[in-house]
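Quick note: the coordinates plus some simple rules give every number you see, no bench work behind them. Keep in mind it's a predicted model, so treat the numbers as computed, not measured. A quick note on method: Cβ atoms are made from the backbone with ideal geometry, for glycine too, and the neighbour counts reach across all protein chains shown.
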Amino acid sequence: MFRKTIFWLHLGSGVITGLVVAMMSVTGVFLTYQNQIFSWSDRAFYSDAISAGEGMRPAELLIDAAQSADLKVTSLKYWNDPEAPVLASGGRGEGSLFIDAYTGEILGEPSQGIRNLFSTVTRWHRWFNATGESRQTARLITGVSNLAFLFLVVSGMYLWLPKLIRWPLLRERLVFSSRTKNAKQRDFNWHHVFGIWSAIPLIVVIATASVFSFSWANDLVYAIAGEEPPSRGSSPSSVPSTNTPGESTQQSGPLPLDDLMATARSKSDDWKTITLNLPKQGENLVSFRIDTGSGRQPQYQSTLTLDANTGQTMTYETLADRTPGRQARSWIRFLHTGEAFGFTGQTIAGLVSFTSLFMVWTGFALAWRRLISPLFPITADTRARHPL
């Protein structure tokens, strides 16, 4: 009785949410390697100016160049590659510009066509590309469908087990069979094989997505760690300024940004990128995000905060220095895409998104034969010509 109940809940959930799951799977596959594609498209801005013996322009001059192009700069991103440009950004939604690190020439915006395409796909992935008030409704639908998908995977693992646990029966559900006699048997075999081999990575991908969809899921991450979730918009790693008016450090003025940048570079010999975040108005703290990985791996990221006037280190935080709740939340973002484990993790996440399409297709086919086909009986002659 219990198994039958789980089966019908599994079937019903799949029928109701299958199309939404398929949409999220298709867009998930499309988004698999988006950051590699961005990096490839941005190679057009690289140059070999260093070969001419030119030195890199001071950060202040790069900022002036970007501001002369009407960009209010909030950060500069450097790559550990002598041919790479510097990316000046103006914050969320404010645009960014590549600047030649040696000449100060404005090279242009990052490739907008490809980014706009991926941005549209991302909006479909999250909320059907809805706008305005409809977005919240669409986001709720994808969030609930995602939870239903999690139930489908977990219940599917239970239903995958045959009633009699014997190796020949298990093997039939572990490998693709060439002995299926008709489409029904083929779909049954494919549904089980794709499902069981995708189950564990799918649980990770789906469960982490729930944290983005529901505030209660986000709060649960911190509750499990025994922490209070940070309030929205707060910056738990920020450090208040220690200087007060009249101190000599303020009178002397800020140090050159390149001097502060040298301190950040000294933290790691194998850094890949360093992002310099300029002080906010009224503050005298400069922060650096130092990345020794792919840019999407929290275990290889650290944050350094310096006093802009003295160069004194205020904080230096790696992933291990964060609270357990913040560590978990940092991992979750990139576990969802698989990027936390580099190219291999991305590929696995993309593959299980692709196999989800086969599970939706075979699931619909099996549900059709069970629920709809009996309503339209066919003759024995027709069945012989079109076996189901």
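For Asp259 and Leu19 in one chain, what is 0.36 nm times their gap in residues minus the Cα-Cα distance, to one decimal in nm?
Using 0.36 nm per residue and subtracting the Cα-Cα distance, I get 80.9 nm.
Using a simple charge model, +1 on the beta-carbon of Lys and Arg, -1 on the beta-carbon of Asp and Glu, nothing else, what dipole does the chain show about its Cα centre, in debye to the nearest 20?
3360
Between Asp270 and Phe212, what is the FRET efficiency for a Förster distance of 45 Å, r being their Cβ-Cβ separation, to the nearest 0.05?
Computed FRET efficiency for Asp270 and Phe212 comes out at 0.90.
Pick out, in residue order, every one of the trypsin sites (Lys or Arg not before Pro) in segment 114-180 that is DSSP loop and has at most 14 other C-beta atoms within 10 Å; say none if there are none.
Answer by residue number: Lys163, Arg166, Arg179.
Considering only DSSP states other than H, G, I, E and B, which GluC sites (Glu not before Pro) in segment 102-207 qualify as loop sites with at most 12 other Cβ atoms within 10 Å?
Those that pass, being in a loop and sparsely packed, are Glu133.
Assuming 0.36 nm per residue, please report the length gained on full extension of the stretch Asn129 to Arg43 beyond their Cα-Cα distance.
Using 0.36 nm per residue and subtracting the Cα-Cα distance, I get 28.0 nm.
Residue farthest toward the positive end of the dipole of segment 33-166, with Cβ of Lys/Arg at +1 and Asp/Glu at -1: which of Leu87, Leu62, Ile37?
Going by the charge dipole, the pick is Ile37.
Top mean-square fluctuation among Trp271, Trp79, Trp216, Gaussian network model of the chain, C-alpha springs under 10 Å?
Trp216
Name the residue, out of Gly295, Gly113, Gly104, whose mean-square fluctuation peaks in a Gaussian network model built on the chain with Cα pairs under 10 Å.
So, out of Gly295, Gly113, Gly104, the one fluctuating most is Gly113.
Kindly provide the chymotrypsin sites (Phe, Trp or Tyr not before Pro) of segment 125-195 that DSSP labels as loop, not H, G, I, E or B, and whose Cβ sees at most 14 other Cβ atoms within 10 Å.
Phe176
Can you tell me the relative contact order of segment 248-321? Whole percent, Cα pairs under 8 Å, sequence separation 6 or more.
This gives 27 percent for segment 248-321.
Taking mean projected area of the Cα convex hull in nm² straight from the coordinates, which label in (i) 22.1; (ii) 26.7; (iii) 28.7 is the correct one?
Answer by label: (ii).
Could you identify which residue out of Leu220, Leu147, Leu375 has the top mean-square fluctuation in a GNM of the chain using Cα springs shorter than 10 Å?
Answer for the Gaussian network model of the chain: Leu375.
Under 12 Å between alpha carbons, and skipping anything fewer than 8 positions from Lys267 in its own chain: which aspartates and glutamates qualify?
Qualifying aspartates and glutamates at Cα under 12 Å: Asp291, Glu317.
Suppose a student asked you for the relative contact order of the chain, using Cα pairs under 8 Å spaced at least 6 residues apart; what percent would you report?
That works out to 19 percent.
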